[in-house]
Amino acid sequence: MEYRSINLRDDLFKGAVSLEHTAEGITPWRIPYQEYDLFPPNGIGGKSRDAAGVRLCFQSNTNSMELVFAPSSNELTVDCVVNGAVKATGRIEPGGTVLRFDGLGNDQKEIEVFFSQKFPVKISGLRVEAKADLSPCQFRPRWVTYGSSITQCGAANSPAFTWPAIVARRAKLDLTCLGYGGNCMIEPMVARMIRDLPAEYISLCLGINVYGQSALSPRTFKSAVIGFIQTIREKHPNTPMTVMSPIISPPRETKENSVGMTLVKMREQIAEVVLMLQGRGDEHIHYVNGMDLFNESLIDYLPDQLHPNHEGYGILADRFEQRVVKQLWNL
């Protein structure tokens, strides 16, 4: 098969906040990498380089393509999605560099290559068939979602099957996933970053990491949530925003952490914040109780009592689509 190399222009990348260009290739980041020091520790706990939700997106009639990566010490799982449906899943062993997808069809189609949601990637090449055309994908409404490991979805079998990716593929949304495992700490710099990102829809899932690290108390949690939301509203005053409280985690529901917080208290305070902001005229903010999306009836899909498994993330996607995308965002 004869291939031609494609110039990896920035507009072919989706879901990245910034792109670092080096001689070895392009590394997508989920923070502005030039401001790394402003996101301590180590760029949001080292999670901002993980490529959750990041993908190449383009239109082409190529039946086959090759991706070239810089060697990684991790096994990288990559999904090839054609017109919203997962066509194939490929894996690159540690140290490997080339991944090929065949049988994509000779028709004109939209291709998305979802990178590993668990690890950083550095891509150095894209090749398509010599006579195939290629152009950037068409505009889709942009959705920014912020959360913890439950949004990053390390337990999903492959990156197109995280719950945000499932929702985005079904609803035809341009996803930016800001799920930072263990590091959703309601930080002011993250609020500023979301404020400055283009978005037609925003969702925030707040609380579980704050509980786990006893980072905010009953005195400070509510005010932190207010400040986070109001910072985003500085440039997104009318953008539909969903604020979601934690899904079920039985050991943490009523057991106080070292600063006196429980998940029950967090849900109450988040609901109070949204109700207060609605009362102050914010007609575009909505509260979603995490228990309405994933509760005690789904414990079998929560093996560690905290994170859904692969099937559980599929259920969470179904419920988010019904409760938020269709009911609140009317998509």
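The values are calculated or read from the model by the stated rules, or taken from the named source; none is laboratory data. None of the values given here were measured: they were computed from a predicted structure. We place every Cβ from the backbone using ideal geometry, glycine too, and count neighbours over all the protein chains shown.
Given the structure, is T162 of a type in the set (S, T, Y) and touching a strand residue (DSSP E or B) at 6+ places or on another chain (Cβ under 6 Å)? Against the criterion (of a type in the set (S, T, Y) and touching a strand residue (DSSP E or B) at 6+ places or on another chain (Cβ under 6 Å)), T162 does not qualify. The number of residues in the stretch 290-305 that are touching a residue at least 24 places away in the same chain (Cβ under 8 Å) and either basic (K, R) or closer than 14 Å to A156 by Cα (or both) comes to 1.
Taken together, P120, P94, P164, P159 contain a single residue that is under 28 Å from A191 (Cα atoms) and not assigned by TED's automatic domain parsing to the domain that holds Y301, which is P120. If you go through the stretch 65-96 and keep only what is of a type in the set (S, T, Y) and not in a loop (DSSP other than H, G, I, E, B), you end up with T77, T89.
State whether the residues of the stretch 228-235 include one that is at pLDDT 95 or above, in a loop (DSSP other than H, G, I, E, B) and under 25 Å from Q327 (Cα atoms). Checked the stretch 228-235: at least one residue is at pLDDT 95 or above, in a loop (DSSP other than H, G, I, E, B) and under 25 Å from Q327 (Cα atoms).
Filtering the stretch 192-207 to residues that are in a helix (DSSP H, G or I) and surrounded by 21 or more Cβ atoms within 10 Å (Cβ to Cβ) leaves M193, I194. Going through (1) part of a helix (DSSP H, G or I); (2) under 12 Å from the mean Cα position of the chain (by Cα); (3) among the aliphatic types (A, V, I, L, M) one by one, V210 falls short only on (2). Scanning the stretch 212-248 for residues that are touching a Lys or Arg at 6+ places or on another chain (Cβ under 6 Å) and either surrounded by 23 or more Cβ atoms within 10 Å (Cβ to Cβ) or free of Cβ contacts under 8 Å to residues at least 12 places away in the same chain (or both) returns I232, S245.
Anything in the stretch 170-191 that is touching a residue at least 60 places away in the same chain (Cβ under 8 Å) and part of a helix (DSSP H, G or I)? List them, or say none. Hits for the stretch 170-191 are R170, A171, M189, V190. Across the stretch 43-87, which residue is farthest from the chain's Cα centre (by Cα) among those that are surrounded by fewer than 18 Cβ atoms within 10 Å (Cβ to Cβ) and small (G, A, S)? Restricting to residues being surrounded by fewer than 18 Cβ atoms within 10 Å (Cβ to Cβ) and small (G, A, S), the top hit is S64.
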